[in-house]
1. Quote the charge dipole size of the chain about the Cα centre in Debye, to the nearest 20; the model charges only the Cβ of Lys and Arg (+1) and of Asp and Glu (-1).
2. Applying the Karplus parametrisation 6.51 cos²θ - 1.76 cosθ + 1.60 with θ = phi - 60° to the phi angles of segment 134-141, what ³J(HN,Hα) value in whole Hz is obtained for each residue in order, glycine and proline being reported as x?
3. Kirkwood Rh over alpha-carbon pairs of segment 1-72, then Stokes-Einstein at 10 °C and 1.306 mPa s: what D in µm² s⁻¹, rounded to an integer?
4. Please work out the Cα center distance from segment 114-143 to segment 332-405, rounded to the nearest Å.
5. Taking the radius of gyration and the Kirkwood hydrodynamic radius from Cα positions alone, what is the Rg/Rh ratio for segment 10-133, to two decimal places?
6. May I ask you to compute the full-extension gain from residue 256 to residue 61, defined as 0.36 nm times their residue separation minus their alpha-carbon distance, rounded to one decimal in nm?
7. Return the subset of 12/105; 177/335; 12/177 for which the Cα-Cα distance in this structure is over 32 Å, preserving the input order.
8. Go through 276, 217, 346 and say which Cα lies farthest out towards the positive end of the charge dipole of the chain; charges sit on Cβ, +1 for Lys and Arg, -1 for Asp and Glu.
Amino acid sequence: MKQTRGGVTAPKGFLASGVHVGIRKNREKKDLALIWSEVPCAAAAVYTTNRVKGQPLIVTQEHLADGRAQAIIANSGNANTCTGEEGIKAARRMAELVAQHLPVKAEDVVVASTGVIGQQLDVSVIEAGMGELVAGLSKGGSIDAREAIMTTDTMKKEIAVVEEIGGVLVTIGAIAKGSGMIHPNMATMLGFITTDCAITSEMLDKALKFAVRKSFNRVSVDGDTSTNDMVAILANGMAGNPLIDQEGNNFDEFRDALEFVCVELAKMIARDGEGATRLIECTVSGAVSEEQAEALSKGIITSSLVKAAMFGADANWGRILCAMGYTRNDFDPDKVDVAFESPRGYIEVCKAGAPLPFNEEKAKKILNNQEVEIIVDLHAGDAEATAWGCDLSYEYVRINGDYRT
């Protein structure tokens, strides 16, 4: 597997675009994105676990009931959530507009929105901008599409990889947005993935759920799970590989490549957490099961006190054990080892649940880095899992104090 350029337009047969239509007041920011496949696709998606779901998610779930889609339209600046029947009509109208401008059925359009909750979406500005949006579709359009879905994001989130499957080169491309309201199950974000792999919708759904569990469901920025989270994938089969319709080597190769794409995007989201100054990667090993390791690693990176300690480059490892303890997961605290690592070095701070003498200055130097790893060993089994988060800074409060206004 190797990385390549192009994002969602790297796979064969996909075009994308992004424009400003007026949903957002700032004319410098694009606010409407479109991704289109030249041919119909197998499709799958994973959605937020929040009981309050955005109106676009409701419409998209209806559209993907048959496992087929051909286009994705998404806007930023307005979440179209808690907007009642008018919001449903707006989401459906977005799909109808795509169908009016492209050879696509309205029911084969994925609809997504992100932004402020509780405000009606003015579809008239989308209607007025559709001509420009469709005219802008191109192989270089992933750049504009990824910009159009950003809200408080400060960095691009895009990746593409090429993998040989069944003797044929298959490409997977993706873009994502996510910076605040990020929490596991599922991590608050929009993620759009395209591939030219030939795969059935059933196997695509299985691969996506596996990849999401290993990636986006292991990210937390602030403990808030949003209402509009969605990861959608379209597979148009234009690579010409043998159709993946059952588990086996070809499915495993595709699933692993998809997992890599999702993990890289998840790390980008954690690194770009609102107000974040450092990415935190927490690996729990020596667990009796992957589920145990996952629960504990997620508990650690979700802890506000751990996040605050990381912001201050404070090797306060007691907060790590404390966070593990209130996950209500069964482990022996008297066997736990804790260490910190970054490109600036490695230091052990806890052995068998007890303190180790360590150099505070060295620890601070290690933690005062843009990427920091928390390493925990339970000494109970062979399983492990990794989760990603970020520190908690003063800037997070400033950004969210006046987000709506």
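Here, each number is a calculation from the coordinates, and none is a lab measurement. The structure displayed is predicted, hence computed values, not measured ones. When we count neighbours, we look across all protein chains shown, and the Cβ atoms used for this are built from the backbone with ideal geometry, even at glycine.
1. I would put it at about 1040 debye.
2. Per-residue couplings from phi come out as 5, 4, x, 4, 7, 6, x, x Hz.
3. 108
4. 41
5. Looking at segment 10-133, the ratio lands at 0.94.
6. That works out to 67.7 nm of additional length.
7. In this structure, 177/335 lie more than 32 Å apart at Cα.
8. Toward the positive end, the furthest listed residue is 276.
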